[in-house]
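Colleague: Attaching a single structure in structure tokens format; questions to follow.
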């Protein structure tokens with residue numbers, strides 16, 4: 001029988017994530033400008049999407065930006081926000097018969113400091129995706145480790161670990177991350193540690209429950225009876241059979257970590273300026289919402305795309321993996337919903 | 001029943017102690033000294049005096065016991081480093097707005113979720129069903145703060161359907177009780193909707209799956225055999241079948257709601273626990289941050305306890321276990 005292919009939902013989810021990863025990887029090539037570049041900030045700030053400005057380079061000063069340029073006599077007249085400015089044609093270095101050819105197009109507009117939103121978005125996706133992926137990997141490792149220890153470590157270890165997990169789960173996730181972020185003022189590496197280090201508790205509970213169930217299955221009992229050590233049974237028999245919820249959780253968790261990172265950065269406790277991340281870009285746009293909606297709108301769409309991609313992938317994976325396990329050793333269908341509910345957090 | 005109640009209460013109390021201990025440990029083990037002089041001209045004796053005033057000069061275990069004793073016996077969370085006000089008093093003012101917001105969001109998420117779930121369940125695998133499924137994934141992916149900003153931009157600033165922030169109008173103190181309540185309601189609905197949105201998708205999916213599952217059970221087939229209408233089967237019998245798990249979902253969503261409330265409060269300038277926490281974080285006011293985090297955890301414990309107790313009324317089988 002041919003293996004069923006991934007359901008369309010999972011494929012589109014994986015497609016979205018791969019696309020975002022590709023954008024992030026090639027950001028320096030794709031970005032039209034340096035994300036930190038501020039050229040003639042007074043003129044270039046809060047320009048709407050698709051608009052463009054002429055760049056006038058002169059001998060004696062910084063390049064000037066203008067909405068329109070016309071020639072009057074021996075002068076070049078620049079139409080600027082602050083009014084028109086006359087520059088002697090002789091001083092302009094990039095003027096030709098066709099006029100000023102050099103233009104900067106702001107595909108997604110510019111922010112309040114005149115930086116290009118598209119460039120910042122692309123560079124920000126590197127930061128946000130890296131933190132999301134690494135934090136998810138950390139949470140997955142920690143959750144599996146603690147869950148495994150609890151499942152095979154005997155009553156005392158189990159009780160100690162699980163009561164701690166219960167306690168930690170009572171904290172609203174964001175509140176816990178906020179508390180830690182406030183105390184440690186994290187840089188990017190510490191941020192990964194913080195988000196990943198506070199996101200493993202639900203998974204530990206899930207892994208423990210799954211392993212305890214598998215431990216009673218015949219194949220595990222047989223392996224134990226044949227003299228394999230508990231750790232050996234765990235690694236050779238139990239964990240490989242628990243990959244279904246682990247994979248689904250990993251996929252969901254990437255999205256969840258990106259959400260947490262963006263929320264933290266939005267509150268000013270995550271990625272620090274001038275480094276762009278989606279959350280901090282939204283925060284930048286908050287105070288200019290009524291006059292420049294694009295500053296906050298586009299990075300939000302990126303977050304939505306990333307989280308949607310990871311949910312779609314998780315959704316499809318759980319369908320697919322449940323199908324594979326059907327009729328095997330009792331793999332139950334677990335929707336991401338059930339897993340999320342079990343985790344008690346997203 | 002009494003036995004069950006006592007057991008649950010005891011478990012909640014133990015969890016409360018664990019939560020307090022964890023919160024204290026996190027704060028005590030963090031680097032940095034809140035009493036370090038911010039200016040080299042401040043004499044070191046001044047810092048020593050402050051440390052003695054706040055009990056920070058004692059060994060950690062002593063600090064812990066003193067702090068725990070004050071919290072448990074007198075609900076005394078210390079004093080704010082910033083204003084000198086008792087923390088409990090400060091947070092007591094911030095609690096009702098947060099509870100109001102979270103409660104309204106809970107209501108919104110259930111109304112939306114159950115409504116959409118019912119719609120989808122009437123015609124499984126129809127186009128409507130599919131759209132509900134996609135929509136539920138989509139709303140989960142929407143970051144609360146971004147949706148909040150966009151809602152303010154489009155609904156509040158653009159269309160003028162709601163005030164852009166705050167809990168009351170500037171002139172609220174002049175209004176009568178009914179008008180004042182309406183004023184709060186006008187400020188409340190948008191943040192509550194935004195906050196409730198992310199979980200509404202999950203509830204819709206759960207309701208749908210549960211209702212479709214119900215139709216295949218004996219109870220569902222019996223209801224159909226008795227000639228009940230489709231509407232009655234789903235609305236009355238189906239929802240009764242789904243109710244216990246839906247209720248459990250409420251306790252699961254409590255931490256999520258509170259996390260979201262922090263964000264929603266900041267976006268909508270809602271004067272609650274979240275706004276107070278953020279202000280305390282920005283000003284390095286550790287006792288307030290610690291207490292606010294613990295308050296969040298206590299609310300979660302209380303919510304799960306309440307859901308457990310309600311659940312035993314809905315489903316008596318749980319008590320036996």
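Coordinate-derived values only; no laboratory data. Just so we're clear, the structure is a prediction, and the values are computed from it rather than from any experiment. Every residue, glycine among them, receives a Cβ derived from its backbone with ideal geometry; neighbour counts consider all protein chains shown.
Colleague: What is the fewest-to-most order of A:82, A:287, B:210, A:310 by other Cβ atoms lying within 10 Å of their Cβ?
Modeller: Fewest-to-most Cβ neighbours within 10 Å comes out as A:82, A:287, B:210, A:310.
Colleague: For an R0 of 30 angstrom, estimate the FRET efficiency from the Cβ-Cβ distance between residue B:2 and residue B:216 and round to the nearest 0.05.
Modeller: After rounding to 0.05, the efficiency reads 0.20.
Colleague: Considering only C-alpha atoms, what is the centroid distance from segment B:107-145 to segment A:225-284, in Å?
Modeller: The distance from the Cα centre of segment B:107-145 to that of segment A:225-284 comes to 26 Å.
Colleague: Can you give me the relative contact order of segment A:46-149 as a percent, contacts being Cα pairs under 8 Å and 6 or more apart?
Modeller: 27 percent
Colleague: Which value in deg cm²/dmol, rounded to the nearest 500, describes the helix-derived mean residue ellipticity at 222 nm for chain B, given -39,500 (n - 2.57) per DSSP H run of n ≥ 4 and division by the residue count?
Modeller: Per the formula, -25000 deg cm²/dmol.
Colleague: Could you state the angle between the C-alpha long axis of helix A:188-197 and the longest principal axis of the C-alpha atoms of chain A, as a value from 0 to 90 degrees rounded to the nearest 10?
Modeller: Taking Cα atoms only, the helix is inclined about 30 degrees.
Colleague: Shifting gears a bit: Summing -39500 (n - 2.57) over the DSSP H runs of n ≥ 4 in chain A and dividing by its residue number, what mean residue ellipticity at 222 nm do you reach, to the nearest 500 deg cm²/dmol?
Modeller: Per the formula, -19000 deg cm²/dmol.
Colleague: Based only on other Cβ atoms within 10 Å, what is the fewest-to-most ordering of B:139, B:157, A:177, B:178?
Modeller: B:178, B:157, B:139, A:177
Colleague: What list do you get for B:39, B:76, A:315 if you sort them by fewest beta carbons within 10 Å?
Modeller: With the sparsest Cβ surroundings first, the list reads B:39, B:76, A:315.
Colleague: What is the extension gain from residue A:86 to residue A:22, computed as 0.36 nm multiplied by their sequence separation minus the C-alpha to C-alpha distance, in nm to one decimal? Don't skip to the answer; put the middle values down first.
Modeller: On the way: separation 64, 0.36 × 64 = 23.04 nm, distance 4.47 nm.
Answer, rounded to one decimal: 18.6 nm.
Colleague: For chain B, find the longest principal axis of its Cα atoms and tell me its angle to the long axis of helix B:177-216, 0 to 90°, nearest 10.
Modeller: 50 degrees
Colleague: On a 0 to 90 degree scale, rounded to 10, what angle separates helix A:8-25 from the longest Cα axis of chain A?
Modeller: The angle comes out near 50 degrees.
Colleague: Give the residues of segment A:56-83 whose amide nitrogen is closer than 17 Å to a point set 7 Å from the Cα of residue A:101 in the direction of its Cβ.
Modeller: A:56-58
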